[in-house]
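Here's the structure, in structure tokens; my notes come after.
The values are calculated or read from the model by the stated rules, or taken from the named source; none is laboratory data. Quick caveat: nothing in here was measured; it's all calculated off a predicted structure. Don't worry about glycine lacking a Cβ; one is built from the backbone with ideal geometry, like all the others, and counts go over all protein chains shown.
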């Protein structure tokens with residue numbers, strides 16, 4: 001699938017593959033959250049847009065657009081700030097311009113939201129799915145205050161995260177609910193996992209045990225079942241998204 005990022009602003013924000021690191025994850029002992037592969041995969045399953053400005057956004061709890069005030073910080077000027085951030089919708093919603101018009105191929109949309117698992121106190125990124133296979137104008141990225149107060153945004157901080165997704169494939173999926181015992185092989189693997197997990201947690205109480213030395217169970221990370229019977233072809237432990245390639249154009 002080809003993703004074309006048309007710059008509608010000559011100084012459009014930096015667009016880079018999603019980064020795995022999160023400040024709150026770094027603070028854990030031994031950086032434990034990074035052992036959760038689904039968490040890290042989510043962090044890197046898309047592209048980040050980074051803010052070109054620094055500012056403080058304040059909301060007094062009112063419903064009007066004027067109830068949000070924006071103040072530039074650092075070396076950001078007011079004119080630069082107004083170019084990228086505004087209070088357009090009211091209701092405590094802060095709006096960012098991306099500087100791009102994104103275009104996907106037919107059959108593909110873009111999931112637009114905040115960087116996954118990036119916690120920001122007092123404000124929440126909103127999520128939208130945009131039909132970018134035909135849309136001839138840009139979308140905005142919006143954040144909603146969770147309460148009256150002030151929130152700081154810093155230059156080079158990711159403020160938007162985009163992930164291409166199939167346009168209609170979800171509508172063709174029919175979930176099926178049935179007892180796990182109906183699949184004997186899967187049920188045996190599930191039971192083996194439960195036994196292994198319970199034993200591992202129990203062994204953690206013994207400071208001399210192999211579980212303590214091991215630190216964590218690596219079965220999912222290594223793409224295998226708890227009984228060692230499955231080593232999945234195609235298992236991934238790391239995303240390798242491509243950096244955008246710039247194309248030049250001269251008016252003729």
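General observations
- Hey, residue 72 surrounded by 14 or more Cβ atoms within 10 Å (Cβ to Cβ), touching a helix residue (DSSP H, G or I) at 6+ places or on another chain (Cβ under 8 Å) and without any contact (Cβ under 8 Å) to a residue 24 or more places away in the chain or not: yes
- Unique residue being assigned by TED's automatic domain parsing to the domain that holds residue 124 and under 22 Å from residue 121 (Cβ atoms) when the list is 53, 40: 53
- Total residues in the stretch 142-185 satisfying the condition of being over 24 Å from residue 239 (Cα atoms) and assigned to a strand (DSSP E or B): the figure is 9.
- Test: residue in the stretch 57-74 that is under 23 Å from the mean Cα position of the chain (by Cα) and under 19 Å from residue 140 (Cα atoms): yes
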